[in-house]
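> Right, I'll just put the structure down here and ask away after.
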Amino acid sequence: MSTMMDMMKRISKGVALVFCATTMLAATGLAVSRRLAPSGVSFEPRTRGLAAPAAAGSGMYSLAASPGGTVYLSWLEAVSGSTYAFKFTTLDGDAWAPPRTIATGDDWFVNWADHPSLVPLTDGSLAAHWLVNNPGRQGAYGYGVRIARSADDGRTWREIFRTGTANLHGYSGFVSMLPLAHGFLAVYLGPPVPESEAADPEADHVMGLSVATFGTGGALLSDVVADADTCTCCSTSVVQTSRGPIAAYRDHTGETRDISIVRNRGGRWTAPSPVHPDGWRINACPTNGPVLAAAGERVALAWFTAAAGAPRVRLAFSTDGGDRFAEPLTIDGGRPVGWPGVVLLDDGSAVVSWLEATGEGRGEVRIRRVRPDGRLGDMMTVASSTSGRSTGVPQMVLRSGNLIVAWRSDRLHTAIVPIP
């Protein structure tokens, strides 16, 4: 995805987009040399690789876990030419089950950062989303979102929602979905006003945060704009707390791009609230969004910032359902690329994952445990990788006292990792 905002604002002119040098290093291939343990990094011998049933070149992946502990892995893989298949599998013991296909298409938008996803819902059904190019699109984008639901464990799928179908220059995407007691939410980025209704479609590109709410059976109940001006291409995150859902995203105030949240209180979304004033001013979208985890009133929020030219992965806790967050902690090893993940443990600790650069074009997927009182555990390296976009956005979920981690090199990789 794009990271240069001035180019994003000329998206209708089809200007090529580049990555922000302060947050990403160019991908130069998988690091295959023997890894040396950096200071403070321990290597856990109990980590076990899981062979993912995905073809070479596969990517655009996502992990999700059901309340009952079933882990779902979804991804895209090329079929032929411009045709892709959106597939998923479940973890059966310590092995992945044979994959099933959700959908195929030859008109999809395929991108490492704005990737499809699948989530299990509370009624036993599944919801999945992917991205489709619009007819007549102009330039590199012009795509929208499709959401489908399956009531038979993924054997058949029915489309229940599409948005962004009027986009010719811009796009709608960066979806995150949250199961509810009776339905689910889908949080996404998109033009707050459809391009077809905009007074000047050639005007500067503006993105907003929207929330679509679905009821039992997948019926659309509402689709509202929660913030009409956000950063343009950073992933979103949404979780359920005992006080209601909260969503996190990278906001946009002038050229300051810090993390904000919106909360659902009494069925209405609150005004955006900054989490911490990092003060990251950059004329770019860093393609590096926040992640949330929640249990009751306890919330963990992890994000990347490069404010004042100092790249950091940060973690902040809330004990009141996201109404207030404590002072953030820095948890990286000094050269983070970002793209964090986070889970909460029963004792209130959080485990954070992220990508750390270790050399020119080289990186490692790392994890670290943070105790409720803020004490930092040792860093642990899960795998070597590149330090750029070819790794994709590493994913992590919790299952039965272990972590399931996914990343990419030449293909999709997964591993069972003990909690550090």
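The values are calculated or read from the model by the stated rules, or taken from the named source; none is laboratory data. The shown structure was predicted, so the numbers you read here are calculated from the model rather than taken from an experiment. For neighbour counting, all protein chains shown are included, and Cβ atoms are generated from backbone atoms with ideal geometry for every residue, glycine included.
> Which of (1) in contact with a strand residue (DSSP E or B) (Cβ under 9 Å, 6 or more places away or on another chain); (2) of a type outside the set (S, T, Y); (3) on the phi > 0 side of the Ramachandran plot does G309 not meet, given it meets every other one?
For G309, the failing item is (1).
> Taking only pairs six or more apart or across chains, which ones have beta-carbon atoms under 9 Å, a first residue in region 80-101 that is over 18 Å from S150 (Cα atoms) and in contact (Cβ under 8 Å) with a residue 24 or more places away in the chain, and a second residue that is acidic (D, E) and part of a strand (DSSP E or B)?
Y84/E77
> Which members of region 211-259 meet the condition of being polar (S, T, N, Q), within 18 Å of P192 (Cα to Cα) and surrounded by fewer than 23 Cβ atoms within 10 Å (Cβ to Cβ)?
T213, S222, T253
> Further, regarding this structure: Considering region 280-305 alone, what residues qualify as being in a loop (DSSP other than H, G, I, E, B), touching a residue at least 60 places away in the same chain (Cβ under 8 Å) and surrounded by 21 or more Cβ atoms within 10 Å (Cβ to Cβ)?
Within region 280-305, C285, P286, T287, N288, G289 meet the criteria.
> Is it the case that region 378-389 has a residue that's surrounded by fewer than 18 Cβ atoms within 10 Å (Cβ to Cβ) and not hydroxyl-bearing (S, T, Y)?
Yes: region 378-389 contains one or more residues that are surrounded by fewer than 18 Cβ atoms within 10 Å (Cβ to Cβ) and not hydroxyl-bearing (S, T, Y).
> Taking region 323-349, which residues are touching a residue at least 24 places away in the same chain (Cβ under 8 Å) and on the phi > 0 side of the Ramachandran plot?
G338, W339, G348
> With the checklist (1) within 30 Å of L344 (Cα to Cα); (2) of a type outside the set (S, T, Y); (3) at pLDDT 95 or above in hand, flag the one item P67 doesn't pass.
(3)
> If I filter region 260-279 down to residues being more than 20 Å from V351 (Cβ to Cβ) and β-branched (V, I, T), which single residue comes out as surrounded by the fewest Cβ atoms within 10 Å (Cβ to Cβ)?
T270
> Kindly evaluate Y141 against the criterion of being under 22 Å from the mean Cα position of the chain (by Cα), buried (at least 21 other Cβ atoms within 10 Å of the Cβ) and in contact (Cβ under 8 Å) with a residue 40 or more places away in the chain.
Criteria met by Y141.
> Which count do you get for residues in region 383-420 that are assigned to a strand (DSSP E or B), more than 17 Å from the chain's Cα centre (by Cα) and of a type in the set (V, I, T)?
The total comes to 3.
> In region 70-84, which residue that is in a strand (DSSP E or B) and hydroxyl-bearing (S, T, Y) is modelled with the lowest pLDDT?
Step by step, filter region 70-84, then rank; the result is S80.
> Being in contact with a Phe, Trp or Tyr (Cβ under 7 Å, 6 or more places away or on another chain), of a type outside the set (K, R) and in contact (Cβ under 8 Å) with a residue 60 or more places away in the chain is the filter here; which residues of region 387-420 pass it?
T391, G392, V393, Q395, A406, L412, H413
> Of I404, I367, which residue is more than 23 Å from T330 (Cβ to Cβ), of a type in the set (A, V, I, L, M), surrounded by 18 or more Cβ atoms within 10 Å (Cβ to Cβ) and modelled with pLDDT of 95 or more?
The match here is I404.
> Something else about it: Going through region 317-364 one residue at a time, which ones are surrounded by fewer than 20 Cβ atoms within 10 Å (Cβ to Cβ) and either modelled with pLDDT under 95 or assigned to a strand (DSSP E or B) (or both)?
Matches in region 317-364: L329, T330, G359, E360, G361.
> Within the set of pairs 6 or more residues apart or between chains, which connect a residue that is under 16 Å from R411 (Cβ atoms) inside region 373-386 to a residue that is buried (at least 22 other Cβ atoms within 10 Å of the Cβ) and among the hydroxyl-bearing types (S, T, Y) with Cβ atoms less than 7 Å apart?
From region 373-386, the pairs are S385/T391.
> Does region 85-95 contain any residue that is part of a loop (DSSP other than H, G, I, E, B), modelled with pLDDT of 95 or more and either surrounded by fewer than 22 Cβ atoms within 10 Å (Cβ to Cβ) or not aromatic (F, W, Y) (or both)?
For region 85-95, residues part of a loop (DSSP other than H, G, I, E, B), modelled with pLDDT of 95 or more and either surrounded by fewer than 22 Cβ atoms within 10 Å (Cβ to Cβ) or not aromatic (F, W, Y) (or both): absent.
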